[in-house]
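**Student:** I am attaching a structure below and will ask some questions about it afterwards.
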Amino acid sequence: MEQNNQLPPDGGRSYIKFLVVFVVIVAAALGGYWSWEKAAKGESGIEQSVKSWMDYRRAEKFWKTLDDALASDTYGGKTPEETLRMFIDALKNGDLDLASKYFALETNVNDPNYLTRKIWEDALLQARQEGRIEEIVVKLEQVAVSAKSEKRSTFESNNSDNAGVLVEINLNEKSGVWKIESL
């Protein structure tokens, strides 16, 4: 028997046409299946777009709320030293409400005290109840700058009796004032 290795009279174009049609059919079937699966899950293209838009709007609202809160947080000085002085003066005057405003807002969205200073307000009230405000003032008056950059300053005690006192003050770039980050 003799084998026929010759191309069809059209030069193999019918075979190529068959392959192209086959690939198009398979692609259409897969695309249809994918669309059907998404629709079955309630995730049509329109719904996905709406969901993405809503996620975007939530994120936009989150950042605007945070930016607005930081921009309106104007209690503090133009320098870290000024903020520390204002804080000490408020403590000396017994104005714990004012003193607490020199602390930075809580910006951790997962913290129950988000965008408040509640932890600092509570700590100052407890210090007052324990009669430690004057002791805190004395210790703070003995600190000096130990590190400083454009956006952060650290104050530490040079007095060995006052060792361990550390104050970190950061620039709130949204309002342009320096805020106590930790004490």
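**Student:** Every residue in the range 140-178 that is within 23 Å of ASP95 (Cα to Cα), of a type in the set (D, E, K, R) and in contact with an Asp or Glu (Cβ under 9 Å, 6 or more places away or on another chain), please.
**Tutor:** GLU168 - this is the single residue of the range 140-178 that is within 23 Å of ASP95 (Cα to Cα), of a type in the set (D, E, K, R) and in contact with an Asp or Glu (Cβ under 9 Å, 6 or more places away or on another chain).
**Student:** Looking only at the range 61-76, count how many residues are assigned to a helix (DSSP H, G or I) and open to solvent by less than 70 Å² (accessible area, probe 1.4 Å).
**Tutor:** Counting residues in the range 61-76 that are assigned to a helix (DSSP H, G or I) and open to solvent by less than 70 Å² (accessible area, probe 1.4 Å) gives 7.
The values are calculated or read from the model by the stated rules, or taken from the named source; none is laboratory data. Just so it is clear, the structure is predicted and the values come from calculations on it, not from any experiment. Cβ: placed from backbone, ideal geometry, glycine included. Neighbour counts: every protein chain shown. Surface areas here come from the heavy atoms of the whole protein model, side chains and all, with no ligands, DNA or RNA. Shrake-Rupley method; radii C 1.70, N 1.55, O 1.52, S 1.80 Å.
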